[in-house]
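Okay, so here's the structure we're looking at.
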Amino acid sequence: MIYFDNAATAMIHPVLDERLMDQLHQAFANPSSLHRVGMASRKQVERVRGQIAQLTRVKPKEVIFTSGGTEANNIILQGSVKPGDHLITSAIEHASIHQLVSKLEGVQVSRITDMTLEGVLAQVRPETRLVSIMHVNNETGQVFDMPDLYRELNKRNIRLHRDAVQSFGKFPLKGDYDYLSLSGHKLGAFKGTGALIAKQPLQPGWYGGDQERGLRPGTENVPGILSLGLVLEAEAGLMDHRMEHVASLNQRLRQLLADDTVILSPETASPYILSLSAPGIPSEVLLNAMSAKQMYFSVGSACSSRSKHHSHVIAWLTSDPELRAGAMRLSLSWQNTWEEVEVFSNQLIETIQYLRKVIR
Amino acid sequence: MNLYLIKYGEITLKGKNRRFFENKLLSNLRSRVGPYGGEVEFYQGRIFVRSEDDRIIPILQDTFGLVEICPAIKLPLDMDVLRRTAAEEMKKLVGEGPATFKVEARRSNKSFELDSPAINHDIGGYILHHVPNVSVDVHQPQIRLEIEVREQFYMYVETFPALGGIPYGTAGKSVVLMSGGIDSPVAAFQMARRGVEIVPLHFHAMPFTSEMALDKVRQLVHRLTYYTDWLYFYHINLSEAQITIREHCDERYYTILQRRLMTRLATKLADQKHALSLTTGENLAQVASQTMEGIVCTNDATHLPVFRPLISFDKDDIVRRAKQIETFETSILPYEDCCTIFLPSKVATRPKLADVLAEEAKLDMDALVEQTWKTIVREKIEA
């Protein structure tokens, strides 16, 4: 099996096999209980919170655990704008922002296609309250650092949210922010695990408890949180090393596939994501053919694959219908190997060449 | 322990073969009620089921070959109790009225002092006096009040309708061509209801169709096993064949030629499985290949009878039936062909057989059948 769909989610991190069950048995109680075992659980949850705070250089209370990036995005956006406000985002956000912004009642939205500081500032109005721009695009891997954005917005009393789901733990973020979304399961922690960072206040959207500063009431997802703690511990200090390895795999893929595909991701994109296209060959057919050989990647973004329309991100990237129809995403992890890259490329090329003959 | 009297229909017309049908019905019933702790008994020429579990009623109602399920009310051998209960039950059923009824007693306990006619008379009379707005009709009563005299009284008033049909597995075998659409599961159901053992066969075109599309059909077959018990599900990959057809033949004939190939493959499977017929969900004129001319051309590719139980249904009828048998929701899941490259832009809607044969002659059809047959996979789908 060759798994190149790590932007959708990652394989369970090996550290969890060894250590998670022990930790779970010890921290089985409800962290909000007042007795000793409850306090033991609470301590574990806070320890992981501390780990994230340290990594991102924020205060522990600014870290709120969620079920993942989508929930983080929802809590942040719904908690930071109100009717009458104006919000700036991009045309290429993940579905959780893309769909969410049109549901915010009474909020005007501008979606920029010019992904630069100037592009954002050009949309600023008196009512602008929040800018939400993703850090690394989930379909193409493109990086939008915009290091001066925070300062410029801060001057104008506008808050900045970065969706860092594809970069947290993988690719460094330059520049400051008010709110950040991150995902744990993309690093190999349990699905249903993520967090947000809120350096500014947020209005709560749900009720029913005090947990997570009232922003995410309900019993904490202790197994998920502990799994994230273990992953972060196992990966401590390894981010650059991992990225180097993945970058070499990415380079090799580009080399091997250059003749038979069109590479869509720029060289400056995150090495973890490679968007490419076999023009004129419907990418779903390639997905099926490779899946039958136990080789996995994705077409469109994982959350939106139920609908038949083409990705809005690929639509932004290219207007060529053949390129759009054949767009695929290979997304890597530190667990992938050079050999996997060779075998996968080989099979992909074979399949593409066969289908080319058939389809023409 | 509840007792249910099972009424079955057309078997009683079968004469010498009655034993065969009854035995199959008994064996089908036993497999269906077993998981609910049910026992089947054959007593005095009638079929009864005993079970503690109320959930058994819909299971019985959905058994092919049964007409009515009658739960028994058990009473001590006391005429007073019998009279009063009979009147109560009648009142419940009749409501305002008017209604006609008949009492039918059967006495297997010969030591009981009254004989059947006496019981009929007694209870009938009591009911006439105590239940308003009813009258007796011995020919076509609306309500039949049956009383069995065994070691207790067993009274049957209320009945639950069953699916009718003929016991599954008594009417031969048929290979059913299953697409993932709304029609073919209904066609399969219709045949199974008439006692035909169905052999579901699906054609996909991986990688041009998805795993999910195949799994959708698997789920539809699984739904059918609720009625038929476990099934072997066969599927064949047509993608190579489609490519070949596309290479050699005029695009107006793709669909017909493909259907002829499917028909041949289905026939080959039928021969192997000793099935004497094919079944399809074809309906007149819904899609281009289902005009009468189209059907003539595909029919020509087999020597077996092809049953088309939905040929005269309106789409609405088919949808209604699909909802009743709970295949509709699965059928409408959108996992259709993800690749439109094999869809012709022009289709011959009224093809002439001679033209189709001429087009087909450009292919080595025997070789194509052999090659495509090799992709067949059989899966066992448990109920």
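Restricting segment B:321-379 to residues that are within 14 Å of chain A (Cβ to nearest Cβ) and at pLDDT 90 or above leaves a set whose member that is nearest to B:Glu251 (Cα to Cα) is B:Thr375. Taking every residue in segment B:113-136 that is under 13 Å from B:Gly97 (Cβ atoms) and pairing it with any residue that is of a type outside the set (Asp, Glu) and exposed (fewer than 14 other Cβ atoms within 10 Å of the Cβ), at least 6 positions away or on another chain, the pairs with Cβ-Cβ distances below 6 Å are B:Asn133/B:Pro98. Among strands (runs of 3 or more DSSP E) entirely within segment B:3-110, having at least 2 residues that are in contact with a helix residue (DSSP H, G or I) (Cβ under 9 Å, 6 or more places away or on another chain) and open to solvent by less than 20 Å² (accessible area, probe 1.4 Å) singles out B:46-51, B:66-71, B:99-107.
In segment A:20-40, the residues that are within 18 Å of A:Gly229 (Cα to Cα) form Cβ pairs under 6 Å with partners that are open to solvent by 30 Å² or more (accessible area, probe 1.4 Å) and not hydrophobic (A, V, I, L, M, F, W, C), at six or more places apart or across chains, as follows: A:Leu24/A:Pro223; A:Ala27/A:Gln44; A:Asn30/A:Thr219; A:Pro31/A:Arg42. Restricting attention to segment A:185-232 and to residues that are basic (Lys, Arg) and either without any contact (Cβ under 8 Å) to a residue 12 or more places away in the chain or in a loop (DSSP other than H, G, I, E, B) (or both), the residue that is surrounded by the most Cβ atoms within 10 Å (Cβ to Cβ) turns out to be A:Arg216.
Here B:Asp115, B:Asp137 are screened, and the one residue that is in contact with a Ser or Thr (Cβ under 6 Å, 6 or more places away or on another chain) and open to solvent by 20 Å² or more (accessible area, probe 1.4 Å) is B:Asp137.
Across segment B:161-197, the qualifying residues are those that are in a strand (DSSP E or B) and open to solvent by 10 Å² or more (accessible area, probe 1.4 Å), and the one among them that is farthest from B:Leu310 (Cα to Cα) is B:Pro161. Name the residue that is farthest from the chain's Cα centre (by Cα), counting only residues in segment A:265-280 that are more than 17 Å from A:Asp5 (Cα to Cα) and open to solvent by less than 50 Å² (accessible area, probe 1.4 Å). Here the residue is A:Gly280. The conditions of being of a type in the set (S, T, N, Q), open to solvent by 50 Å² or more (accessible area, probe 1.4 Å) and within 17 Å of A:Leu202 (Cα to Cα) are not met by A:Gln108. A residue that is in contact with a strand residue (DSSP E or B) (Cβ under 6 Å, 6 or more places away or on another chain) and of a type in the set (D, E, K, R) occurs somewhere in segment B:50-58.
Looking only at segment B:120-134, residues that are more than 15 Å from B:Val157 (Cβ to Cβ) and open to solvent by less than 30 Å² (accessible area, probe 1.4 Å) come to 1 in all. Determine whether B:Glu211 is more than 22 Å from B:Ala358 (Cα to Cα) and without any contact (Cβ under 8 Å) to a residue 40 or more places away in the chain. So B:Glu211 fits the description; yes.
In a residue-by-residue description of segment A:237-252, the property of being in contact with a helix residue (DSSP H, G or I) (Cβ under 7 Å, 6 or more places away or on another chain) and over 27 Å from A:Leu55 (Cβ atoms) applies to at least one position.
The values are calculated or read from the model by the stated rules, or taken from the named source; none is laboratory data. It should be emphasised that the depicted structure is a prediction, and the values quoted were computed from it without experimental measurement. Cβ: placed from backbone, ideal geometry, glycine included. Neighbour counts: every protein chain shown. For the accessible areas, the whole protein counts, side chains as well, though only heavy atoms, and no ligand, DNA or RNA atoms are used. Shrake-Rupley method; radii C 1.70, N 1.55, O 1.52, S 1.80 Å.
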